[in-house]
Amino acid sequence: MELRERIARRRSARQDREILVDRDYLSPVVHPADPIGRGPVLEQLLDALEAVFDGELPPPIAVVGPAGAGTSAIVTAVFDALNEQLGESSRSIGTTTRAGRVGSSTWFVYVDGRRVESAFALYRTVLSVLSSEPVPESGVGTDDLRDRLQRQLARPDRHAVVAVDHHDEPETLAYERARELLAPVTDSVSIVAVGREAPDELAAEQPTVTVPAYRDHELVEVISDRASTGLAAGALDHESVRELAAWANGNAHDALAALFGAAVVASRDGSDRVAAEHLEQAKADVPDDCVHLDRVLSLSETRQRVLLDLVAIDAADRPIRDLATEIADRSSLTAGTVKRFLYELADHGVVERVPLSTTGSGRRPSTLAVRFPTIAFRTLGPSPNETDEPADGDDTAPAS
């Protein structure tokens, strides 16, 4: 963001008495162009990709790290920067040790496994980076896109490095599946697996870039940077930043989700600063072993609306059947469909089934507890006033 834009934004915010100046920059699901405090890891990833500077394909690579370590932000930042340098043929490359010209073209493609699950979506995502021509969103078959990708990479001097992010999460594009789909261009493509753990298919001798959890002082930098741009000047004091960093225990997502939530609460209170009570309320809204908010926002609109209704009602000590009935009454879905969605979301870890106490015999009923930050979800998720989408699938659900 240009300096003049920053000044204009803050001036406008002061006039409007807004505390939340730039919601997008403060959001826990937005990645900055230059990750803060990650210089050594960026260098490690560039080392692993070193072959591209000689116009060659690097070996398969794994980028792994714990929740909130910023693996996605690191990979997207490196890929964006490399595309600017190596995405066109005959572009000059210079380093401290050599300078020359690379006669090949290498593209770097980031694939979000949460949103790119089908073969069609994968081929289209890769082609959208490689091709100078528009890539159709519909009206063509998967085979057509695969053939087009093969033609695009037919020349021996054309390569693509494809990062498959979140490959080890439920209902995402798995590394094995991506490798299978890209087999027709295997000589021209190298895959980077990004997630909590490296896939079993990557041999131990292949490069693995390990992203450690943030240290407290690094997380202080991250929070301070987001707050300086996303919040009005003076809205958050440094001691609160330090306490928030210590509380998050190295998890940038949890820290930013709490910061975002606190800013929303403070704004609703009409406050001109994020006070301790706002932060405490927002931290309590971030569960232990929290599910990344982007996982929730990557769900279908219908499932997001079910979750929106779930967090809006009092779910305490109420069996899933009752919750499904009340949510169905708020939407165009049947209770059976809602119940099936809730069980699926529990199976995938977005919500958690919690057993209820019972005095009778038979199967013990359970209720649900959400595992994601609800304040941020309500703000960044779908509007509750929009019309529900038609439900997919049948209305059957397992018995409780």
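The values are calculated or read from the model by the stated rules, or taken from the named source; none is laboratory data. Bear in mind the structure is a predicted one, so any value in this text is a computation, not a measurement. Neighbour counts run over all protein chains shown; Cβ positions are idealised from the backbone, glycine included. Ligands, DNA and RNA are excluded from the accessible area calculation, which covers all protein heavy atoms including side chains. Shrake-Rupley method; radii C 1.70, N 1.55, O 1.52, S 1.80 Å.
Pick from the range 176-194 the residues that are out of contact with any helix residue (DSSP H, G or I) (no Cβ under 7 Å at 6 or more places or on another chain) and part of a helix (DSSP H, G or I): which of them is least open to solvent (accessible area, probe 1.4 Å)? Ranking the candidates gives A183 first.
Per-residue answers, yes or no, for (1) touching a helix residue (DSSP H, G or I) at 6+ places or on another chain (Cβ under 8 Å); (2) modelled with pLDDT of 90 or more; (3) under 30 Å from G261 (Cα atoms):
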| residue | (1), (2), (3) |
| --- | --- |
| L3 | no, no, yes |
| I19 | yes, yes, yes |
| A33 | yes, no, yes |
| R38 | yes, yes, yes |
| P60 | no, yes, no |
| P66 | no, yes, yes |
| T71 | no, yes, yes |
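Applying the set (1) of a type outside the set (D, E); (2) surrounded by fewer than 21 Cβ atoms within 10 Å (Cβ to Cβ); (3) touching a residue at least 12 places away in the same chain (Cβ under 8 Å) to S228 leaves exactly one unmet item: (3). L173 fulfils the conditions (1) surrounded by fewer than 23 Cβ atoms within 10 Å (Cβ to Cβ); (2) at negative phi except for a single criterion, (1). Among the residues of the range 107-140, the ones that are outside any loop (DSSP other than H, G, I, E, B), touching a strand residue (DSSP E or B) at 6+ places or on another chain (Cβ under 6 Å) and not polar (S, T, N, Q) come to 9 in all. Has the range 199-206 got any residue that is under 21 Å from D112 (Cβ atoms), in a loop (DSSP other than H, G, I, E, B) and in contact with a His (Cβ under 8 Å, 6 or more places away or on another chain)? Yes: the range 199-206 contains one or more residues that are under 21 Å from D112 (Cβ atoms), in a loop (DSSP other than H, G, I, E, B) and in contact with a His (Cβ under 8 Å, 6 or more places away or on another chain). Scanning the range 170-185 for residues that are under 17 Å from A198 (Cα atoms) and not acidic (D, E) yields a count of 8.
Quick check on V265: is it hydrophobic (A, V, I, L, M, F, W, C), part of a loop (DSSP other than H, G, I, E, B) and surrounded by fewer than 23 Cβ atoms within 10 Å (Cβ to Cβ)? Answer is no for this residue.
Conditions (1) open to solvent by 40 Å² or more (accessible area, probe 1.4 Å); (2) among the aromatic types (F, W, Y); (3) farther than 23 Å from E169 by Cβ, marked per residue:
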{"site": "A346", "(1), (2), (3)": "no, no, no"}
{"site": "V350", "(1), (2), (3)": "no, no, no"}
{"site": "R353", "(1), (2), (3)": "yes, no, no"}
{"site": "L356", "(1), (2), (3)": "no, no, yes"}
{"site": "R364", "(1), (2), (3)": "yes, no, yes"}
{"site": "T367", "(1), (2), (3)": "no, no, yes"}
{"site": "F372", "(1), (2), (3)": "no, yes, no"}
{"site": "S383", "(1), (2), (3)": "yes, no, yes"}
